[in-house]
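Dropping a structure here in structure tokens format, bear with me for questions.
The values are calculated or read from the model by the stated rules, or taken from the named source; none is laboratory data. The structure presented is a predicted model; accordingly, all values stated were derived computationally and were not measured. Cβ placement follows ideal geometry from the backbone for every residue including glycine, while neighbour counts extend to all protein chains displayed.
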Amino acid sequence: MLRRLFRDYRKYILLFVVSMICALISTGLSLLVPVLMGQGMDKIIGVGDVDFDGLILIIKEMALSIVISSIFLWIMNGINNRIVYGISSDLRKRAFTSFVNARYEFVDSYSEGDILSRIIVDCDGISEGLLLGFNQFFVGVVTIVITFSFMLSINIYLAVAVLVMTPLSLVVARFISKKCNTYFASQAKVRGEITDLSSDIITMKQVINNEEAEEYFKDKFLEKNAENEKVSRKAIFYSSLTNPLTRLVNAICYALVTLGGGYLAITGSVTIGGLTSFLAYASQFAKPFNDISSVITELQNSFVCIDRIYELIDAPTEHLDNEIDDNRDVETDIIFNHVGFGYTDKKTIDDITFTVPKGKKMGIVGPTGCGKTTIMKLLLKYYDYMEGEILLGGVNIRDMSADRVRSMMGLMFQETFLISGTVMDNIRMGNSESTREDAIRAAKECNAHEFIMNLPDGYDTKVKEGNLSEGQRQLICITRLMLRDSNIILLDEATSSIDILNEKLIQEAFLKIMKNKTTIIVAHRLSTIIDADIILVIKDGKVEEMGTHNELLTNKGFYHKLYESQKR
């Protein structure tokens, strides 16, 4: 995945090259200081014998080197920030776009918290790891190369000794990083579960309080929090071992080099100033290994995040490369021909066959879990059916893009889904090209205009928890459906939670929306589909009965039992 990341963001190669040049100049100048320092010490020959003119010149050169080095370091950091946060921002955009366009079954296979964690937390994890990589890893490599070159110029034997001993710290870091990778992966997984649980608690706060389930959710949260603490502590424990262990190895190496350098100074193989410069370089040479070893553990976390982000980016989309000409007019009659489907090996629905002619209304009824909503999901291409065929005006929906299929349909669920925005934002969400006047006209037709105008800011009122009743929320959703003006209307138990005060208004709104539209209603209350042109009775995933309300009552079958049970 790391190779793919570099391939995807080749556009930053020029900036990267400039950053490396800045790193080279900054590091080279900073590493020139020990040489100048050694030369300065050699200017102090003895008591009363000091070359002050030469010493002052060296001090000026040191100051100039430090200033210029700092300027190029600042430029490098600025470029690296631009590269890293540009990549992170683009990855987040790509992940979100992929999530929006992903096939429903892919999204349905992950929890809400896991998806949120990938888009928000993992992208931040990537930026943090890459920033450390650019700022420390590459600077460290440059430092190692230049420092070793300076050490070679002072004494080749001491330089080789340092080269042999110091990289031992990378061996230690490599061993520890393998452990870190496992625990960082577990940490990312648990973070997603905590996010998911927190989202559920926020969404269902009223239900939790009503059911007195606070302790249950507290225990669940504490359990996940403890699990996160456990894996996080292990990940941090192993990652925190890296730096002290590598420092220990480097300290031992430094001590050995100091002893060897002292012997060479006594024998005259190196000057005191040269030895001072060399020991400074030996210390500098070890530092990048410490930094790189620390970065490696952070990069391990970033690699896990990159894998998770690309898994989301690579999600299968709804679009087809070989779909039919979407510009042609497709009739809106619906045909299910021996359709079978199952979420697992066990079929949810089997041999479902029916036809809804253009402009007619069909109701679907049956016990909970019998497959009513599954039929709607297949029609909307949330899932692909396994057997048979589904036709819209004689065209198999497999040959049509999901966008094309759904553009023909207006859908309303039992739950009222409103976004965090104004009332107007919510109404126009399904038809962004519509005008404000169009939205107000639709609200008037759906009996929603009056209550909206009574809100504090009318259509510009912010939608938030508690400022709208369930009936008002539902009227806003119906207005959105009216404004969409789809050829096919799908209502998934959309009338099951209507309050008494708004029931008449909502029923009138639905009648206006369904007029001359091909309509399928998944009904909980049979009273809402008595006037349907055809009623499909589903039981155990199969068609139990089919006919009009009067025909089914006359048959005295399963529908009759359902109807009689609701009359009591």
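Considering segment 525-541 alone, what residues qualify as being buried (at least 17 other Cβ atoms within 10 Å of the Cβ) and at negative phi? Steps first, please.
Here is the first cut: in segment 525-541, the residues buried (at least 17 other Cβ atoms within 10 Å of the Cβ) are 526, 528-529, 532, 534-539, 541.
If the condition is that a residue be buried (at least 17 other Cβ atoms within 10 Å of the Cβ) and at negative phi, then Leu526, Thr528, Ile529, Ala532, Ile534, Ile535, Leu536, Val537, Ile538, Lys539 are the ones that fit.
Out of the residues in segment 302-326 that are surrounded by 15 or more Cβ atoms within 10 Å (Cβ to Cβ) and in contact with a Phe, Trp or Tyr (Cβ under 7 Å, 6 or more places away or on another chain), state the one that is modelled with the lowest pLDDT.
Filtering first and then ranking leaves Val304.
Please go through segment 79-93 and give me each residue that is crowded, with 16+ Cβ neighbours inside 10 Å and closer than 15 Å to Ile120 by Cα, ordered by number. Give the steps one after another, and end with the answer.
Here is the first cut: in segment 79-93, the ones crowded, with 16+ Cβ neighbours inside 10 Å are 79-80, 83-84, 87-88, 91-92.
If the condition is that a residue be crowded, with 16+ Cβ neighbours inside 10 Å and closer than 15 Å to Ile120 by Cα, then Ile87, Ser88, Leu91, Arg92 are the ones that fit.
Mind listing whichever residues of segment 51-78 are surrounded by fewer than 19 Cβ atoms within 10 Å (Cβ to Cβ), at pLDDT below 90 and within 37 Å of the chain's Cα centre (by Cα)?
Within segment 51-78, Asn77, Gly78 meet the criteria.
Another question, then. Has segment 110-120 got any residue that is closer than 17 Å to Asp314 by Cβ, of a type in the set (Ser, Thr, Tyr) and free of Cβ contacts under 8 Å to residues at least 60 places away in the same chain?
yes
I've got another one for you. Being modelled with pLDDT of 80 or more, assigned to a helix (DSSP H, G or I) and within 43 Å of the chain's Cα centre (by Cα) is the requirement here; does Arg247 meet it? Explain how you work it out, then say what you get.
Numbers: modelled with pLDDT of 80 or more: no; assigned to a helix (DSSP H, G or I): yes; within 43 Å of the chain's Cα centre (by Cα): yes.
When the stated conditions are applied, Arg247 does not pass them.
Could you tell me how many of the residues in segment 434-480 are part of a helix (DSSP H, G or I), under 23 Å from Glu493 (Cα atoms) and hydroxyl-bearing (Ser, Thr, Tyr)?
Looking only at segment 434-480, we keep the residues that are part of a helix (DSSP H, G or I), and these are 436-445, 449-453, 458-460, 470-480.
With under 23 Å from Glu493 (Cα atoms) added as a condition, the list becomes 442-443, 445, 470-480.
When the remaining residues are screened for being hydroxyl-bearing (Ser, Thr, Tyr), the result is 479.
Counting residues in segment 434-480 that are part of a helix (DSSP H, G or I), under 23 Å from Glu493 (Cα atoms) and hydroxyl-bearing (Ser, Thr, Tyr) gives 1.
Among the residues of segment 196-244, which ones are basic (Lys, Arg) and modelled with pLDDT of 75 or more? Spell out the reasoning first.
Let us first name the residues in segment 196-244 that are basic (Lys, Arg), namely 205, 218, 220, 224, 230, 233-234.
Within segment 196-244, Lys218, Lys220, Lys224, Lys230, Arg233, Lys234 meet the criteria.
Search segment 25-49 for residues that are assigned by TED's automatic domain parsing to the domain that holds Gln284 and under 30 Å from Ile75 (Cα atoms) and pair each with any residue that is at pLDDT 75 or above and not in a helix (DSSP H, G or I) when their beta-carbon atoms are under 8 Å apart and the residues are at least 6 apart or on different chains.
From residues that are assigned by TED's automatic domain parsing to the domain that holds Gln284 and under 30 Å from Ile75 (Cα atoms), there are no pairs.
Select from segment 245-262 the residues that are small (Gly, Ala, Ser) and closer than 10 Å to Leu158 by Cβ and write down the one among them that is surrounded by the fewest Cβ atoms within 10 Å (Cβ to Cβ). Write out each step before concluding.
Step one: of segment 245-262, the residues small (Gly, Ala, Ser) are 251, 255, 260-262.
Narrowing further to those that are closer than 10 Å to Leu158 by Cβ: 260-261.
Values: Gly260: 15, Gly261: 24.
Of everything passing the filter in segment 245-262, Gly260 is surrounded by the fewest Cβ atoms within 10 Å (Cβ to Cβ).
Just give me the residues in segment 450-465 being touching a residue at least 40 places away in the same chain (Cβ under 8 Å) and surrounded by 17 or more Cβ atoms within 10 Å (Cβ to Cβ), in sequence order.
Narrowing segment 450-465 to residues touching a residue at least 40 places away in the same chain (Cβ under 8 Å): 462-464.
Across segment 450-465, the qualifying residue is only Val463.
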